[in-house]
1. Looking at the square roots a ≥ b ≥ c of the eigenvalues of the Cα gyration tensor of the chain, which shape do they give, rounded for a/c under 1.5, prolate if a/b is larger than b/c, or oblate?
2. So what J values fall out for the stretch 5-10 if you push phi through Karplus, 6.51 cos²θ - 1.76 cosθ + 1.60 with θ = phi - 60°, rounded to Hz, Gly and Pro as x?
3. Rank-order 66-75, 93-102 by packing density, defined as the average count of other C-beta atoms within 10 Å over each peptide's residues, highest first.
4. Rounded, prolate or oblate for the stretch 16-77? Axes are the square roots of the Cα gyration tensor eigenvalues, ordered a ≥ b ≥ c, and the cut-off for rounded is a/c under 1.5.
5. Restricting things to alpha carbons, tell me how big the stretch 62-153 is in terms of Rg and Dmax, in Å.
6. Rounded to the nearest 0.05, what FRET efficiency do Val55 and Arg112 have when you use their Cβ-Cβ distance and R0 = 25 Å?
7. Taking the highest mean first, how do the peptides 81-90, 122-131, 51-60, 139-148 order by number of other beta carbon atoms within 10 angstrom per residue?
8. Taking Cα centroids, how far is the stretch 111-133 from the stretch 19-73 in Å?
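Since every read-out is calculated from the coordinates, none of them should be taken as a lab result. Keep in mind that this is a model prediction, so the values were computed, not measured. We place every Cβ from the backbone using ideal geometry, glycine too, and count neighbours over all the protein chains shown.
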Amino acid sequence: MITGTVWGLTLIAVGVVATFAATQIFLAALFPARFERMRDVLRDRPARATVLGFVALFLAIAIATVIGKAFALGGAFLGGGAAFAAVFGMGAVAAELGARLPSTGAAATPWRALVRGSIVCSLVSLLPLAGWFVLFPLLLSAGFGAWLLSFAAAPIAARTTPITTSAAAEAGA
């Protein structure tokens, strides 16, 4: 490979990963109730969410491929919708991860947990081989599973704390 091609692919990967963090923050602010339900699912049943997400994501990709062969636009919409839901759910994974990373200003600005978690998830996903083929698919699977299970979760009572406040920050830890 030519050095320019390598740098080009690297910058594209970094740009895509950077947009994940911005997209997750945007969706968390736009859909706070759904975001909190996904976080609750990940706190209560992380393994179930990951396994369900892996199977459902695999099926969504397979169905989108089959539909895409007959109707290109239909397959693109189905695949894009599944990817959108997975990235939205990955925001809840990032928020849970960021809530477990201590910070001095966590109580004053709880949304920083989502930023910290998004940065960590993005950097871990850039790790060669293990990040590309193991960790990133696991993060997407957990996110997609949390998104699916959040529709079955009981509605959350009205909260007085911001959407990205962790349980540790609420307890004063």
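1. Since a/c reaches 1.5 but b/c is at least a/b, the shape of the chain is classed as oblate.
2. 5, 4, 5, x, 5, 5
3. The densest-packed peptide leads the list: 93-102, 66-75.
4. oblate
5. Over the stretch 62-153's Cα set, Rg and Dmax evaluate to 15.9, 54 Å.
6. E(calc), rounded to 0.05, equals 0.15.
7. 139-148, 81-90, 51-60, 122-131
8. Here the two parts' Cα centres lie 17 Å apart.
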